[in-house]
Amino acid sequence: MQETINQRSIVFLLSSIGLITLPHVLHVPAPIFAFFSVLLIWRFIGVWHPEYLPNQLLVFLLLLCGISLLVTMHQGVFGRDAGTTVFVIALGLKLLEIKTQRDVYLIVYLAFIVAASQLLYIQNILMAGYILLVCISLLATLIFINSASQSNIASLKTAGNILMQAIPLMVIMFIFFPRVEAPRWSFLDNDNQATSGLSDTLEPGSISQLGLSGELVFRAKFTGDLPPNAERYWRGPVFSFTDGKKWTQTKNTHFKRYLDKTQFMGKAYQYLLLMEPQSKNWVFALDMPETYHWPLHENGNRQLISSEPAGKRAEYSITSYAQYNTGYITKTELSDNLQLPNRVEGRIDDLVGQLGGFDTSPGTFINKVFAHFRNEDFYYTLMPPLLDEKPIETFLFDTREGFCGHYATAFVYLMRVAGIPARIVGGYQGGAYNETGGFIEVRQANAHAWAEVWLQDKGWVRYDPTTAIAPERIEQDVNIEQQIANNAVSFAPIQLDSQTLALLKQARSLWSSADYNWHRWIINYDRRQQFSFLSSFGIDTLKSMLYWLVGLVALVTIFLAAYLFRKQTLVLEKSQIYYARACQKLAKTGLIKQDCEGANDFSQRVREQQPDIAESFAHITQLYVQIRYARQFDDSLLEQLGASAAAFRVSKS
């Protein structure tokens, strides 16, 4: 016989489902989430008006509507986005078919899957805590429908206790269970995953768009001293080819084998770099990286590249030097980094001549270009005016307002006109130091572009034209919050009283430190991290790992079993107490209920031996069975049982 469920159980379940799917409003296409919301509200209405629920034909039509939405939204068949939307729609449709407990079980299990899918999008502490709470709510729903006498609060408490008992086993399994790296299949890629960051093309103004983004790019935790802010150049793509407007990376790669060996000098900086998921497999090492390990490798432009697929959070151990000499220049490098789109004429040619580009040493010409930027009416701004088809010339002679990309491209262009090999390097500059966690945070607003010029006996030398216009950008770093709020470049601290500013800074530092450790030790706990962590305790083989896993699980299981099955005082529910009082009164007549005797069997025995009180006791038994076993519990039944037990009278035999 299929058991029905009461209204309170359904309302509890629907409320939990609503909380579970709420964060997906950020991930699921709006029409699909609206479709699910309509189904959820419809089912809420059906709790009090069952006649409004759809019949089987209408449910089938709604199913076709859901399939049409999936096709229209181009969610595909495989992958994260497709799977999530399918489960969300299936969950909404199944809500309309709740009739028995079996339906509730299916919905709860489906809801657990939808809850877990949230972590495919957001993996921070807040989301993990939220998912934990909604899973407790789901578990409480199962407890509630299987224990009709428990209230909502009592069910939540029971679910919380179960979770607390499971945490030790969860921690052991997380630490010791062998990590298996699943193969990456191209048809399971997240086509709709949006990751911002530096592009593989550069044009004046492109980097300024990132200046308004506070999105985290990576964190770096140093062993020893930190590099000063002026040396925090995090190297990314190198742009050598230009059509006069856009700059792209060179397609020539064969020259790497002919590169001179870089000579490193000065202080070495050792650090762990925790990269956030990126759209490309670039790794932004402190300029210039010297030591690194697989899966990192260096391309011909001395940029670090990861051999692993992009889109994953990863940690790398790197050593860099701020002082270096890259040595001679290859023929391919010389050709690539002197390339110009067409013959330079007019004002640019005249400017190079005025600054001595054709008849002075490269060092002297570079100083004069910096002086030109510094002394003329050039301005550093996050919102420069749009440029025409000749952006370099328009910027140098007309607008004279720009961000780092404007100055880097113009500087390199002038160098090449003068016959000096030069190129643009994209990446990030600066980064805020977190005193609590002891690491540097670099965000998209730290995106930067600078230049490299090849000089005899020095190799590729970094020159940052931004320092000629806004030296505070390099020396003081960017005030990201104020920059985002004002849509303008800001290097000054926020104007608040010292106590408020200190509290805000401390709170943010604490939160950022907790988030860093969460991602490093929890989210990024892969096979390499597991081996490194366990090896420090002497657990360096799969066999020893499994021994520890089984042993600790057995130990915790024994401890929990001893705790759960220890001798406890029996706690009776109200229905049991009322029924027990009636039985105690019957005991005066010599009728004693046996432990193995059911309530209905005992009532039948009372009818046979004490027919004068059989009807009143049968009524008590009926109420007790309804509350205790038939799950037809409500407050009025409990009150009736209490009153009947109190009014029950027997005469001594």
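Taking R0 as 60 Å, what FRET efficiency do you get between TYR525 and LEU64 from their Cβ-Cβ distance, rounded to the nearest 0.05?
Given R0 = 60 Å and the Cβ-Cβ separation, E is 0.85.
Describe numerically, in nm with one decimal, the distance between label points set 7 Å from Cα along Cα→Cβ at THR72 and at ASP103.
For THR72 paired with ASP103, the spin-label model returns 2.7 nm.
What is the gain in length, in nm to one decimal, between GLN506 and GLN56 on full extension, counting 0.36 nm per residue of separation less the C-alpha to C-alpha distance?
Full extension of this stretch gives 156.2 nm more.
Treating only the Cβ atoms of Lys and Arg (+1) and Asp and Glu (-1) as charged, compute the dipole magnitude of the chain about its Cα centre; round to the nearest 20 debye. Don't skip to the answer; put the middle values down first.
Working: 56 positive and 57 negative charges, 497 e Å.
Result for the chain is approximately 2380 debye, rounded to the nearest 20.
Rounded to the nearest 0.05, what FRET efficiency is calculated for LYS390 and ASP225 with R0 set to 51 Å and r the Cβ-Cβ distance?
Computed FRET efficiency for LYS390 and ASP225: 0.65.
Just want to confirm a number: the relative contact order over segment 281-364, from Cα pairs under 8 angstrom separated by 6+ residues, in percent. If you can, show how the numbers build up before the last one.
Values: 69 pairs, mean separation 22.7, N = 84.
After rounding, I find 27 percent.
Under 19 Å from a point 7 Å along the Cα-to-Cβ line of GLN339: which residues of segment 236-274 have their amide N that close?
Hits in segment 236-274 for GLN339 at 19 Å: 236-259.
Which is farthest toward the positive dipole end of the chain among LEU387, TYR292, THR141, measuring Cα position about the Cα centre, with Cβ charges +1 (Lys, Arg) and -1 (Asp, Glu)?
Result: THR141, furthest along the dipole toward the positive end.
Going by alpha carbons, how many degrees (0 to 90, nearest 10) lie between the helix axis of 125-146 and the longest principal axis of the chain?
The answer is roughly 20 degrees.
Could you check how much of the accessible area of the chain is carbon and sulfur, as a whole percent, using a 1.4 Å probe?
58 percent
Using 0.36 nm times the number of residues separating GLU597 and THR319, minus their current alpha carbon distance, what extension gain do you get?
92.4 nm
Roughly what % of Cα-Cα distances in the chain sit above 42 Å, to the whole percent?
48 percent
Using a probe radius of 1.4 Å on heavy atoms only, what accessible surface per residue do you get for the chain? Whole Å² is fine.
Details: 33450 Å² over 653 residues.
Computed with neighbouring chains in place, this is 51 Å² per residue.
Applying a 10 Å radius around every beta-carbon, put 554-562, 168-176 in order of their mean neighbour count, most first.
On the way: 554-562: 11.7, 168-176: 14.6.
Highest-to-lowest ranking by the protection proxy: 168-176, 554-562.
Which of the listed residues, GLY598, ALA562, SER532, is farthest toward the dipole's positive end in segment 532-602, when Lys, Arg count +1 and Asp, Glu count -1 at the beta-carbon?
GLY598
Report the full-extension gain for the segment ALA310 to THR436: residue separation times 0.36 nm, less the Cα-Cα distance, to one decimal in nm.
Stretched out fully, the ALA310 to THR436 stretch lengthens by 42.4 nm.
ASP635 to VAL11: FRET efficiency via 1/(1 + (r/R0)^6), r the Cβ-Cβ distance, R0 25 Å, to the nearest 0.05?
0.95
When the distances between all Cα atoms of segment 1-112 are binned every 5 Å from zero, what whole-number percent does each bin get?
So the P(r) values, bin by bin, are 2, 11, 23, 24, 20, 12, 5, 2, 0.
Write down the Kirkwood hydrodynamic radius of segment 341-425, to one decimal in angstroms, obtained as one divided by the mean of 1/r over all alpha carbon pairs.
It is 13.2 Å.
Relative to the compact globular guide of 2.2 N^0.38 Å, what is the alpha carbon radius of gyration of segment 295-375, as a ratio? List each step's numbers first, then the result.
On the way: Rg = 19.2 Å, N = 81, 2.2 N^0.38 = 11.7 Å.
Expressed relative to 2.2 N^0.38 Å, the Cα Rg reads 1.64.
Let me see the P(r) profile for segment 509-572: every Cα-Cα distance counted, bins of 5 Å, each bin given as a percent of all pairs.
4, 13, 13, 13, 13, 13, 11, 8, 6, 4, 0
Angle check, please: helix 362-375 long axis (alpha carbons) against the longest principal axis of the chain (alpha carbons), in degrees 0 to 90, nearest 10.
Taking Cα atoms only, the helix is inclined about 70 degrees.
For segment 512-653, what class follows from the C-alpha gyration tensor (a ≥ b ≥ c being the square roots of its eigenvalues): rounded when a/c is under 1.5, otherwise prolate if a/b is larger than b/c, else oblate?
prolate
Which of the lysines could be linked to LYS245 by a straight reach, that is with a Cα gap under 19 Å, when you skip same-chain ones fewer than 8 residues away?
Qualifying lysines at Cα under 19 Å: LYS390.
Note the angle between two axes, namely the Cα long axis of helix 498-518 and the longest principal axis of the Cα atoms of the chain, as a number of degrees from 0 to 90, rounded to the nearest 10.
Orientation of helix 498-518: about 80 degrees from the principal axis.
The values are calculated or read from the model by the stated rules, or taken from the named source; none is laboratory data. The model shown is predicted, which means the values in this text are computed figures rather than measured ones. Every residue, glycine as well, gets a Cβ built from its backbone with ideal geometry; the counts of neighbours run over all protein chains shown. Note: accessible area is taken over every heavy atom of the protein model, side chains too, but ligands, DNA and RNA are not part of it. Shrake-Rupley method; radii C 1.70, N 1.55, O 1.52, S 1.80 Å.
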